[in-house]
Amino acid sequence: MMSKNNFFYRNSLSIVLIALMLIFWVGQFFTGWKTENKELAEEGQALLNFGQYIQSGHFIQATFENWESEFFADDALYFTDSLTQAKRFQRIQISNRKRRC
């Protein structure tokens with residue numbers, strides 16, 4: 001069994017989330033590459049290899065659009081969480097004042 005002082009135990013959630021992010025990013029890369037090459041083939045243009053696609057505007061735009069929506073969702077979550085934390089804190093303060101009286 002892992003010790004609670006073990007690096008992997010303490011950081012297991014971060015490790016899993018980073019691994020999932022990388023897996024989905026690679027999936028986004030391959031589906032985007034396939035889609036972009038399909039569109040280029042339909043237009044009669046040269047297909048892109050991995051290196052060309054990773055430097056293309058299509059991949060960069062898709063990545064930043066995904067990250068932008070994720071950061072927006074995270075910010076909304078943090079904002080609503082901070083509001084609920086503030087309300088909980090106020091209730092605790094009121095409860096503590098009533099106990100003192």
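What follows is calculated from the coordinates using simple rules that are stated; it is not laboratory data. Source: prediction; values computed, not measured. Neighbour counts are summed over all protein chains in view; Cβ atoms, including those assigned to glycine, are modelled from backbone coordinates with ideal geometry.
Structural remarks
- Top-ranked residue in region 37-86 [being touching an Asp or Glu at 6+ places or on another chain (Cβ under 9 Å) and of a type in the set (F, W, Y); ranked as farthest from L20 (Cα to Cα)]: Y53
- Every pair of residues 6+ apart whose Cβ atoms lie under 9 Å, when the first sits in region 2-30 and is closer than 16 Å to E70 by Cβ while the second is surrounded by 12 or more Cβ atoms within 10 Å (Cβ to Cβ) and of a type in the set (V, I, T): W25/T63; Q28/T63
- Helices (runs of 4 or more DSSP H) within region 7-101 that include 2 or more residues small (G, A, S): 12-42, 57-100
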